[in-house]
Amino acid sequence: MSSTPLATNKPSPILTPKRAGIAALVLLALLAVLVLISPAEAQLGNLIKIIYLHGALARVGIYAILLAGVLGLVYLVRPRSALLRWSNAVQVAGLIAFVTHFALSVIPTHETWGMWIAFDEPRTRMSLQIIGVGIIVVLVRRLVNDDRLSGLANALLGIAVLLLNARTGVLRHPLNAIGDSSSLAIQGFYVGIVLICAALVGLLAWYLVGRASSPSDH
């Protein structure tokens, strides 16, 4: 009588595509609730609800692009395919967040300044430069398909964004209107919205890494 070997059960990963999808839906619903119930502001009224999301997406988008740059730099020193995949994915997820922030900006810009896009505003030009160069980096990476060049391009984009963000001034656009607010409620809701946006960008990056993953790894 032959004995059948016991099958070993491989532990399932904590995050699966189904769980990630459910988490994304829950986070989106929570984000919508936070934006809707967030406090209005004395001068801007309910328009600040859009600014909560606009500012949060800008902050998370820039931080994600900076993180992608750091990962790209680390890849150049220690080439591991997983590092580059995460660098590329975090960069794309951050760019999507940043483009969304810019699309939302037309609403408060029109309501407060009477124009859809304030091209004379340095922060607006900075946003357009980041979006334009970011799209070029992504397109070149796909066309050239060179890992070392991709890592270098991601690192350089991160450095460029860091310098642009530090050096760009303002004309009318406040640098940190919500952060400078004396209202703890406004700051608290904003922090919550930032954290949810960061979680959504993280989930999107995880999804993009999964799509780019290959069976072989360095």
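For segment 193-198, the Karplus equation 6.51 cos²θ - 1.76 cosθ + 1.60, evaluated at θ = phi - 60°, returns couplings of 5, 4, 5, 5, 4, 5 Hz by residue, with Gly and Pro reported as x.
Positive-end ranking of LEU204, THR168, ASN145 along the dipole of the chain, with charges on Cβ about the Cα centre, is headed by ASN145.
When both segment 49-108 and segment 111-157 are represented by their alpha-carbon centers, they are found 11 Å apart.
The angle between the Cα long axis of helix 47-77 and the longest principal axis of the Cα atoms of the chain comes to about 40 degrees, rounded to the nearest 10. Near ARG148: Cβ cut-off under 15 Å, other residues only, Lys/Arg at +1 and Asp/Glu at -1. The net charge is +2.
Based on Cβ point charges of +1 for Lys and Arg and -1 for Asp and Glu, what charge dipole magnitude is obtained for the chain about its Cα centre, in debye rounded to the nearest 20?
Using only the charged Cβ atoms, the result is roughly 600 debye.
Relative to its Kirkwood radius, the Cα radius of gyration of segment 51-119 gives an Rg/Rh of 1.19.
Provide the net charge surrounding ARG167, with neighbours chosen by a C-beta distance below 14 Å and charges set as Lys +1, Arg +1, Asp -1, Glu -1. Value of the local net charge: +2. Among 65-77, 188-200, the peptide with the highest mean count of other Cβ atoms within 10 Å heads the list, and the full ranking is 65-77, 188-200. Let me have the 222 nm mean residue ellipticity of the chain computed from DSSP H runs of 4+ only, each contributing -39500 (n - 2.57), with the sum over all residues rounded to the nearest 500. The per-residue figure over the chain is -26000 deg cm²/dmol. Using alpha-carbon pairs under 8 Å, 6+ residues apart, how would you state the relative contact order of the chain in percent? Rounded, it is 31 percent for the chain. Couplings 3J(HN,Hα) for segment 95-101, derived from phi with the Karplus relation 6.51 cos²θ - 1.76 cosθ + 1.60 (θ = phi - 60°), are 5, 4, 4, 5, 5, 5, 4 Hz, where x marks Gly and Pro. Computed from backbone phi with θ = phi - 60° and the Karplus coefficients 6.51, -1.76 and 1.60, the 3J(HN,Hα) list for segment 145-153 is 6, 10, 4, 5, 5, 4, x, 5, 4 Hz; x is used for glycine and proline.
Throughout, read-outs are computed from the coordinates displayed, never taken from laboratory work. As the structure is a prediction and not an experimental result, all values here were calculated from the model. Cβ atoms come from the backbone with ideal geometry, glycine included; neighbour counts cover every protein chain shown.
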